[in-house]
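Beneath this line is the structure, given in structure tokens, with notes to follow.
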Amino acid sequence: MNLYMKTLIILTLLIANMSLAETFENKITKTVEEVIKNKKFNGAIIVSHNENIIYSNTIGYADQYRNIPLNDKHLFSSGSVGKEFTTFALLKLKQQGLVLFSEPVSNYLKDLPAWASEVTIEHLLSHTSGLPKIKWLENMTTEQVISQILKIEKLQFSPGSTYLYGNLNVVLRALIIEKITKLTFSDYLNNTLLTPLGMKDTIQITNLSELDNRIVFGDHPTSINGVTIYTTTSDLLKWEQGLLSGRLLSGIPITSFLKQHPLSNKLHHANLDFGRFYTEDNRVTVLEHDGSNPSHHIVKHTNLKKNITYIGISSDGNKSTLRHLRSEIVKIFKEYSITL
């Protein structure tokens, strides 16, 4: 085969690939428009394939008066998805030999009540600590959360015996990370996790005076260590890619740590705070997580077989729209089985 023919074949394949990618993007665009039609959707959507962004859009307004159009720098509450940061930080510290998950919380936080000697870091990570649910207050601060924790005389159940999902576990994780690293959790988060992945638009609020004017209306402002984290679709995509590639864990993907939660009684529920996962032939093929606070919602979904990720964030109080979008985009994934 002469050089001319080789060049012609390569160009033909490139053009075909470009056309297919364009068709894929057009199909997603039409699907998004159809799903959100008449639903007062207010949020952002991003879809990637092989770490390349195929579709990205913001729809709606940043303020309740509908004067400021949303852009890709506006921030949404991460809700429960933000729990991944304290979880991952402890996994990284464990890998570095700086912590054991079997250690009791009292090894690091000396001023807690006696029950802290019964609760291990593993219990905090799996929400099996016996700690009660947080009692939410308006404009709640870390200090108010710690006050609640210090007033707990008796746990809800014996640690490790059952499951109760709650934010008190997350705050204690952040405080333990600070004890181990001698850094504030915000500094550790920025220096060790966010900056290496190029996540420039993810912030943690630990003081109400730090509330950023880029935050989209619809959430309840708090300033809770490890919990009050705001982000964007593009930053969450970088985070998802970092988790799955193992970039921050010496090449080990997060899927290596996932197993069915033994006590939550929820099928496909991960033992750690990474949502749900699905497997084929003992290999993780789908990873999904969602979060809310209270009108801000996130749904992120990755199909590892096709290397496609969908992330939707909204502030309109309707998570079902994000899930509907997820389902419709997953259908498109299945239609395009060829490499884009």
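Observations, loosely collected:
- Global form of the range 226-340, assessed from the alpha-carbon gyration tensor, a/c cut-off 1.5: rounded
- Per-pair calculated FRET efficiency, R0 = 35 Å: Thr195 and Thr29 via Cβ, rounded to 0.05: 0.60
- For the pair Asn57 and Leu263, the difference between a 0.36 nm per residue extended length and the Cα-Cα distance amounts to 70.3 nm.
- Normalised contact order of the chain, rounded percent, pairs of Cα under 8 Å and 6 or more residues apart: 23 percent
- Relative exposure of Ser314, Ser80, judged by other C-beta atoms within 10 Å (fewest first): Ser80, Ser314
- Computed over neighbours whose Cβ is under 15 Å from that of Thr181, the net charge equals +3, Lys and Arg +1, Asp and Glu -1.
- Rounded Å value of the spacing that divides the Cα centres of the range 92-114 and the range 217-272: 20 Å
- The overall shape of the chain is prolate: from the C-alpha gyration tensor, with semi-axes ordered a ≥ b ≥ c, the ratio a/c is 1.5 or greater and a/b exceeds b/c.
- Only helical runs count toward this figure. For the chain, summing -39,500 (n - 2.57) over DSSP H runs of n ≥ 4 and dividing by all residues gives -10500 deg cm²/dmol at 222 nm.
- Net charge of the neighbourhood of Ile203, taken over other residues with C-beta under 12 Å away and scored Lys/Arg +1, Asp/Glu -1, is -1.
- Cross-link partners of Lys182 among lysines (Cα-Cα below 29 Å; sequence separation of 8 or more within a chain): Lys83, Lys92, Lys94, Lys110, Lys133, Lys135, Lys151, Lys200, Lys238
- Potential extension, Tyr65-Ile152 segment - 0.36 nm per residue separation minus Cα distance: 27.1 nm
- Proxy reagent accessibility, fewest Cβ within 10 Å first, across Thr181, Thr279, Thr321: Thr279, Thr181, Thr321
- Asn107-Asn139 FRET efficiency (beta carbon distance; Förster radius 30 Å; 0.05 resolution): 0.40
- Only Lys, Arg (+1) and Asp, Glu (-1) charged, at Cβ; the chain dipole about Cα centre in debye: 540 debye
Each reported figure results from applying straightforward, stated rules to the coordinates on display, with no laboratory input. These numbers were taken from a predicted model, which means no experiment stands behind them. Every residue, glycine among them, receives a Cβ derived from its backbone with ideal geometry; neighbour counts consider all protein chains shown.
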